[in-house]
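The values are calculated or read from the model by the stated rules, or taken from the named source; none is laboratory data. What you are looking at is a predicted structure, and each value in this text was computed from that prediction instead of being measured. Heads up, the Cβs are rebuilt from the backbone with ideal geometry, glycines too, and the neighbour counts pull from every protein chain shown.
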Amino acid sequence: MKIGLIRHYKVLKDYPKEKFLYSAEEVNKWFEEYDLAEIEYNDTPLDTKDWEACYSSTIPRAIKTARHLYNRDIIEQDELREIAAPVFNTKIKLPFIGWALLIRFANLFNKQTREEIKQTKEKINKVLDRITASNKEEVLIISHAALMFYLRKELLKRGFRGPKFTIPKNGQLYVFSK
């Protein structure tokens, strides 16, 4: 069996640079805008006739990427959605990079984030169980960076072999085989 992981194409929403300090409300708004932003299409070398099925996150940037790459039916799965960034309710202001670091390490101090990661791992297992039960030999999964990290870990646990990545590149195919 072969499973190809692809991170959605690059989102056309730059990090804010207008000022130095941002409130939690401004950061939350930026994430809302990021989720609705357009993507930068590119030509990932991918022969879709080789792939029997394509699963995608239900977030628009992943669906748009999947539709661009795969010309048959796409199986949209909520379980492949990005892990939501924690919502901060505080009056403090930080540089945007400070908020990004808080979000990145939220699993160390935020109980809700730890619970969401646990639930995400369970959802990933359900999707992979469905995929392996489908008897399809070559399946694409279009998703998001953090989710791909956990997908990779689970595929390795299940005996698949594939490439290493820390942060997967947008629109690049990572193939795992068993």
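Structure above, values below:
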{"quantity": "Residue in segment 68-78 that is exposed (fewer than 15 other Cβ atoms within 10 Å of the Cβ), of a type in the set (Phe, Trp, Tyr) and either in contact (Cβ under 8 Å) with a residue 40 or more places away in the chain or part of a helix (DSSP H, G or I) (or both) present", "calculated": "no"}
{"quantity": "Residue pairs meeting the criteria (Cβ under 7 Å; at least 6 apart or on separate chains; first hydrophobic (A, V, I, L, M, F, W, C), in segment 152-170; second surrounded by 12 or more Cβ atoms within 10 Å (Cβ to Cβ) and part of a loop (DSSP other than H, G, I, E, B))", "calculated": "LEU155/GLY162; PHE160/LYS178"}
{"quantity": "Any hit, segment 8-15, residues being buried (at least 18 other Cβ atoms within 10 Å of the Cβ) and either modelled with pLDDT of 90 or more or not in a strand (DSSP E or B) (or both)", "calculated": "yes"}
{"quantity": "Every residue from segment 43-61 that is surrounded by 14 or more Cβ atoms within 10 Å (Cβ to Cβ) and either more than 18 Å from ARG130 (Cβ to Cβ) or touching a helix residue (DSSP H, G or I) at 6+ places or on another chain (Cβ under 7 Å) (or both)", "calculated": "THR44, LEU46, CYS54, TYR55, SER56, SER57, ILE59, PRO60, ARG61"}
{"quantity": "Selected residue (only one of TYR150, TYR174 is crowded, with 16+ Cβ neighbours inside 10 Å, part of a helix (DSSP H, G or I) and of a type in the set (Phe, Trp, Tyr))", "calculated": "TYR150"}
{"quantity": "Among (1) out of contact with any Gly (no Cβ under 9 Å at 6 or more places or on another chain); (2) of a type outside the set (D, E, K, R); (3) modelled with pLDDT of 90 or more; (4) assigned to a helix (DSSP H, G or I), the one test that TYR55 misses", "calculated": "(4)"}
